[in-house]
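Nothing in this text is a laboratory measurement; each read-out follows from the coordinates by a stated rule. All of these numbers come straight from a predicted model, not from anything done at the bench. All Cβ positions, glycine included, derive from the backbone under ideal geometry; neighbour counts span all protein chains shown.
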Amino acid sequence: MPETLLLLHVGAGTAGLLLGPVWLAARLSGRPARSAAAGYQVAVLLVAATGAGLASVRPGLAWLVLFGLLTEALAVAGALARRRGWRRWPLLQPHLLGGSYIALTTGLLVAQTGSPLAWLLPALVGQLPIAMAKRRLAAVPA
């Protein structure tokens, strides 16, 4: 059972890491990219769910539950910010969606390297694309 959960977890994480840029590229080209967006949301949900499942069968992985819930919350809030017309959504959405993608990247790097740098590097590198997205969205007419 833990092997199946781990396989699903890795597969969902990989899908999320691949679909994030597809969604972004489509949005940058002016296309709605609903299937990529939905796929990304499902992938992040599966990462959170399988992370919780892994935490329940492997001691020492309880932190995955909180990490997964926060990642899912960022992804969902990021998707809703624009659609629901939240006040200041052009400032919020890049941080929310970018944060969920940074969390997926951090999970991959921590799992693969175990390096403490893996906890910081994605967040540091992710600041430039987030800042660029905020600037681009701020220029979009309301």
Exercise. So how much slack lies between Leu69 and Ser29, counting 0.36 nm per residue of separation and subtracting their Cα-Cα distance, in nm?
Worked result: 11.3 nm
Problem set entry | Size of charge dipole - the chain - debye, nearest 20, with Cβ of Lys, Arg +1 and Asp, Glu -1, no other charges | 820 debye
Exercise. What nm distance separates the two modelled labels at Leu128 and Leu61, each placed 7 Å from Cα along Cα→Cβ?
Worked result: 3.4 nm
Problem set entry | Packing rank of 106-113, 8-15, 85-92, where each peptide gets the mean count of other beta carbons within 10 Å, highest leading | 8-15, 106-113, 85-92
Problem set entry | Per-residue [θ]222 nm for the chain (sum of -39500 (n - 2.57) over DSSP H runs n ≥ 4, rounded to 500) | -29500 deg cm²/dmol
For this session: Can you tell me the relative contact order of the chain? Whole percent, Cα pairs under 8 Å, sequence separation 6 or more.
Result: 19 percent
For this session: Compare the peptides 126-135, 95-104 by average per-residue count of other Cβ atoms within 10 angstrom and give them in order, highest first.
Result: 95-104, 126-135
Exercise. Which distance in Å, rounded to a whole number, links the C-alpha centroids of the stretch 1-70 and the stretch 77-105?
Worked result: 16 Å
Exercise. Can you run phi through the Karplus equation (6.51, -1.76, 1.60; θ = phi - 60°) for the stretch 16-29 and list ³J(HN,Hα) in whole Hz, with x for Gly and Pro?
Worked result: x, 5, 7, 6, x, x, 5, 4, 4, 4, 5, 5, 5, 8
Problem set entry | Length released on extending from Thr14 to Thr113, taking residue separation times 0.36 nm less the Cα-Cα span | 34.0 nm
Seminar exercise, completed: Once the dipole of the stretch 76-142 is set up from charges on Cβ (+1 Lys and Arg, -1 Asp and Glu), the residue from the list Ala139, Leu92, Leu128 lying farthest towards its positive end is Ala139
